[in-house]
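Take a look at the structure below.
The values are calculated or read from the model by the stated rules, or taken from the named source; none is laboratory data. Predicted model, so just to flag it, every value in this text is computed and none were measured. Neighbour counts are summed over all protein chains in view; Cβ atoms, including those assigned to glycine, are modelled from backbone coordinates with ideal geometry.
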């Protein structure tokens, strides 16, 4: 029977079963943060998600640990900040905090059950478009299964959609836009300097993303739960284990530890440990600001940042979480707000490109001064997406845990577990 479960047919059946047991909801609402408008639209939102849950086999799962993807599509001229939106909707997906016709939890009993969280915000500004919220929820075990399977199916140096490891400069870029009335060498120098730096930053941050993705594709179960399937099978042998088996078991443990080390080898910002008691907030915020300023000094090649960001936050929880500690989503809001203030990623970095002066003396729309000041006019961000992964504590971890921020490339608007799901689906379809 074990041979059957390793067959292509069984793998596809299990993948399809995971797909069927994934909650997918599309709510036609303008994304809101907490406030009067958010409260007014909360009941229709909860009802829409509850309906999607009733149509999904095996749900509801009020006690399960979850992976949650939130995609916000906003039409408002000044939409809420990306990191303020998830807080509001995480609250709505739990038990109702105010009197309501149906106070039962929608997706979970406690938002701390969400161990994998992804959020992205897109602006929709075409005529006739309306706001929308896309929700995808699955168990963490399901997300881990896809990541582990992706690690088994992926080939060395395989290129996935959005992979930007190798971005080559084209020496002929934008030559046709040159105005012959300008000094050609100076014009080309400015243009090449900007585009070469953009390509370099894209390659650097894309490689960072790839390293995070590959580590989770190969060791998601151990990193997130502390369990390794092969090691578990060997441990079940009990007294019958031979010296050779013990050696193999030790090798597996060592290899898994190396995967954590690989995660820690990324270009990263090591943030202060999570605060363990109320009253540490101001000290914690100051330490976060110092960490980002130190990162800026260490990485001048990422300043100014002229490509969008996708941020990965790795959380090692504290050994003992006090009852009065602030929720992790509040802490993340503070972290990402300070990051935005210090690193200042531009929401549409192509507006920073050198001006293109046409023979009539006008400039291209993308380089007009009013577009260069876009962040001051709109509540928009150069951080297009972020994902949070709570890691399993290891014996060497400090009592306070750890908080690591890994900058990546914002052109990728998918979580690492959704990347795995798509990759597995495509690879099995090609067999």
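Report whether or not residue 44 is loosely packed, with under 15 Cβ neighbours inside 10 Å, touching a strand residue (DSSP E or B) at 6+ places or on another chain (Cβ under 8 Å) and not in a loop (DSSP other than H, G, I, E, B). Yes, satisfied.
Could you check region 69-99 and list, in sequence order, the residues that are under 21 Å from residue 309 (Cβ atoms) and touching a helix residue (DSSP H, G or I) at 6+ places or on another chain (Cβ under 7 Å)? 69, 70, 72, 83, 84, 86, 87 - these are the residues of region 69-99 that are under 21 Å from residue 309 (Cβ atoms) and touching a helix residue (DSSP H, G or I) at 6+ places or on another chain (Cβ under 7 Å). The residues of region 59-68 that are out of contact with any helix residue (DSSP H, G or I) (no Cβ under 6 Å at 6 or more places or on another chain) and modelled with pLDDT of 90 or more, listed by number, are 64, 68. Every condition in (1) touching a helix residue (DSSP H, G or I) at 6+ places or on another chain (Cβ under 6 Å); (2) assigned to a helix (DSSP H, G or I); (3) at pLDDT below 60 holds for residue 169 except the one numbered (2). Only one of 246, 254 is part of a helix (DSSP H, G or I), at pLDDT below 60 and over 30 Å from residue 303 (Cα atoms); which? Exactly one residue qualifies, and that residue is 246.
Sub-7 Å Cβ pairs linking a first residue in region 182-206 that is on the phi < 0 side of the Ramachandran plot and modelled with pLDDT of 80 or more to a second residue that is in a helix (DSSP H, G or I) and surrounded by 12 or more Cβ atoms within 10 Å (Cβ to Cβ), at least 6 apart or interchain, are 201/302, ordered by first then second residue.
Residues that are part of a loop (DSSP other than H, G, I, E, B), over 22 Å from the mean Cα position of the chain (by Cα) and under 29 Å from residue 129 (Cβ atoms) do not occur anywhere in region 9-24. Considering the conditions (1) in a strand (DSSP E or B); (2) farther than 19 Å from residue 130 by Cα, residue 88 is excluded by exactly one of them, (1).
Listed here are the residues, each with its yes/no results for (1) crowded, with 16+ Cβ neighbours inside 10 Å; (2) in a loop (DSSP other than H, G, I, E, B).
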| site | (1), (2) |
| --- | --- |
| 51 | no, no |
| 103 | no, yes |
| 128 | no, yes |
| 137 | yes, no |
| 143 | yes, no |
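Here residue 76 fulfils each of the conditions (1) under 27 Å from residue 389 (Cα atoms); (2) in contact with a strand residue (DSSP E or B) (Cβ under 9 Å, 6 or more places away or on another chain); (3) part of a loop (DSSP other than H, G, I, E, B) apart from (1). Cβ separations smaller than 6 Å between residues 6+ apart or across chains give the following pairs from region 34-47 residues that are closer than 17 Å to residue 131 by Cα to residues that are modelled with pLDDT of 80 or more and assigned to a helix (DSSP H, G or I): 34/88; 38/88; 42/92; 45/92; 46/92. Of the numbered criteria (1) touching a helix residue (DSSP H, G or I) at 6+ places or on another chain (Cβ under 7 Å); (2) over 22 Å from residue 142 (Cβ atoms), the one residue 40 fails is (1). Of everything in region 411-428 that is outside any helix (DSSP H, G or I) and touching a helix residue (DSSP H, G or I) at 6+ places or on another chain (Cβ under 9 Å), the residue that is surrounded by the fewest Cβ atoms within 10 Å (Cβ to Cβ) is 411.
Taken together, the residues in region 31-40 that are surrounded by fewer than 18 Cβ atoms within 10 Å (Cβ to Cβ) and not in a helix (DSSP H, G or I) amount to 3. Is it fair to say residue 431 is closer than 26 Å to residue 142 by Cβ, touching a helix residue (DSSP H, G or I) at 6+ places or on another chain (Cβ under 7 Å) and modelled with pLDDT under 85? The answer is yes for residue 431.
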